[in-house]
1. Once you have the Cα-Cα distance between Asp132 and Val151, take 0.36 nm times their residue separation minus that, and quote the gain in nm to one decimal.
2. Could you work out the local net charge near Lys101, counting Lys and Arg as +1, Asp and Glu as -1, over the other residues with Cβ closer than 15 Å to its Cβ?
Amino acid sequence: MTEDLLRELEFLKEIGFTHLDISAPPPGTRHAAPDLLGDFQRIVMTCEKCRLARGRTQVVFGVGNPNADLMFVGEAPGRDEDVQGEPFVGRAGQLLTDIIKAMHLTRDDVYIANVVKCRPPENRNPEQDELDACRPHIRRQVEIIQPRVIVTL
């Protein structure tokens, strides 16, 4: 148990936490997900762990239900996503929306995010160091949201 706690504290330090309010519900409790996700989003918005931060228009964090049972995770935002600040809003986003509707759900019922939070130049695939820099971000989103199913796109 002590090792688990130390790993969690080290992870929180790695992603930018400088203190932890122990009067708050523990991280990962579903009823606290909206607050935890909002706090974490504010941290990610200032991330400068890789070169993508220097050229980004904005961080594309994620959208949807913070208590979703179903989470979709893509690779990185494209031009449309970078402009709107929301994942999957272009042609691929319309296809994803159609798939979600076919499941008798809406985008508000699920959570949608990307592994990489900043658009790579010219919509190229993210490089390994960029994926590595963002990995703690998507990991934390999954820990907060606690979806039952994750669909990688």
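No lab work stands behind these numbers, since they all come straight from the coordinates. Computed from a prediction, not measured in an experiment: that's the story for all the values here. Positions of Cβ are generated from backbone atoms using ideal geometry, with glycine treated the same way; all protein chains shown enter the neighbour counts.
1. Details: separation 19, 0.36 × 19 = 6.84 nm, distance 1.97 nm.
Residue separation times 0.36 nm, minus the Cα-Cα distance, leaves 4.9 nm.
2. Numbers: positive: Arg107; negative: Asp98, Asp108, Asp109.
Around Lys101, the surrounding residues sum to -2.
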